[in-house]
Amino acid sequence: MAECSLELKEMLADRNLDPELRPLAVSDIASTESSLSTLATTITQSLVQPHPFAHLSALVEIRPGAGGSEASLFAGDLLKLYTTYCANIRNWPLSMVSLTASTEAGDGVQEAIFEVEAPGAYEIFRGEAGVHRVQRVPATEKQGRTHTSTANVVVLPSFPQVELGEGEEDPDSIIDKKDVRVDVMRARGAGGQHVNTTDSAVRMTHIPTGIVAAIQDSRSQHKNRAKALMVLKSRIAEKRRAEREAEELVLRRSVAKVNAGRSDKMRTYNYIQQNRVTDHRCGFSLHDLPSFMNGETLDSMIDQVRKWQMERDVENLDIGR
């Protein structure tokens, strides 16, 4: 297909080309190059594994960076951008987790955390993480000087909470009975003569984790076994949940390492003369800031950033070989 495109271009460069054939060649070139672009994208997508959190909802955090009260105002603008985009463009449900208004700027925010409760939202939003820089004349600036401020956006995967139906067992509490050592002994302490003279106390040990549950409340060994197993499962489930939460925290931090200095920008919003927003990673620019800040053209930027991310992923595959 690439050879076909080259041949068509060579044909157009020929001054002796029949004038009737020239429009056909131009049309064929456009069609061929469009097909090449589509094919390249398809091949790239097939090479790169989906992000492990691509299917999850997103937790988005916005905080002002350098720039004082103007940074707080810009953080508020970004909050409006994303909430408008979710509501009007994507029709995604959004819940505000935490919102702290700025004490210095009227519409500014000191911190905003919200959850986009839609499958796949993390894949869409993860490219928005980083330092956003704005260049404009603040409303409070009396001398008309341009200020440069930043806001920091962090995008985390939102892990779902497991809800059990009636009669369902917590997956974290499931254990193999072969991994449990059961010791039966005489109960100690108060409880009556019968309790202290029969082997009714039960101690269960989960061998892989070393977790122990011992019960001697009842005169019945059967009841003590049931209670000990219940306690053992609860302790194992708690340990597993704690370990999983620790792993999730490490993974979240790995995708949220962002500085907030003016020189660390990944995107610039230039209101002075240019009316332009530029993503410095993929080099893509849009020249209608009002439409962008209303969320109307945010998808165009997101698409370009995702293409850039995919290209970087392909390069990493080459490095790993």
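Quick notes on this one:
So that you can scan it fast, the table gives a plain yes or no per residue for (1) modelled with pLDDT under 85; (2) open to solvent by less than 20 Å² (accessible area, probe 1.4 Å):
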site	(1), (2)
Val195	yes, yes
Ile207	no, no
Ala214	no, no
Asn224	no, yes
Arg244	yes, no
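- Count - residues of the stretch 50-107 that are open to solvent by 40 Å² or more (accessible area, probe 1.4 Å), of a type outside the set (Gly, Ala, Ser) and more than 23 Å from Asn294 (Cβ to Cβ): 8
- Any hit, the stretch 61-70, residues being of a type outside the set (A, V, I, L, M) and without any contact (Cβ under 8 Å) to a residue 60 or more places away in the chain: no
- Qualifying positions in the stretch 86-110 - among the polar types (S, T, N, Q) and either modelled with pLDDT of 95 or more or under 17 Å from the mean Cα position of the chain (by Cα) (or both): Asn88, Asn91, Ser95
- Residues that are under 23 Å from the mean Cα position of the chain (by Cα) and either over 18 Å from Tyr271 (Cα atoms) or outside any helix (DSSP H, G or I) (or both), drawn from the stretch 59-78: Leu59, Val60, Glu61, Ile62, Arg63, Pro64, Gly65
- Residue match in the stretch 307-321 (condition: of a type in the set (A, V, I, L, M), exposed (fewer than 14 other Cβ atoms within 10 Å of the Cβ), on the phi < 0 side of the Ramachandran plot and at pLDDT below 70): yes
The rows are residues; the columns are (1) at pLDDT 80 or above; (2) open to solvent by less than 70 Å² (accessible area, probe 1.4 Å); (3) not aliphatic (A, V, I, L, M); (4) not assigned by the TED database to the domain that holds Lys233.
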position	(1), (2), (3), (4)
Ala112	yes, yes, no, yes
Glu117	yes, no, yes, yes
Tyr122	yes, yes, yes, yes
Gln135	yes, yes, yes, yes
Thr140	no, no, yes, yes
Ala151	yes, yes, no, yes
Glu166	no, no, yes, yes
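The values are calculated or read from the model by the stated rules, or taken from the named source; none is laboratory data. Quick caveat, the model's predicted, so the values are computed rather than measured. Reconstructed Cβ throughout: ideal geometry from the backbone, glycine too, with neighbour counts over all protein chains shown. To get the accessible areas, we keep the full protein, side chains included, count just its heavy atoms, and leave off ligands, DNA and RNA. Shrake-Rupley method; radii C 1.70, N 1.55, O 1.52, S 1.80 Å.
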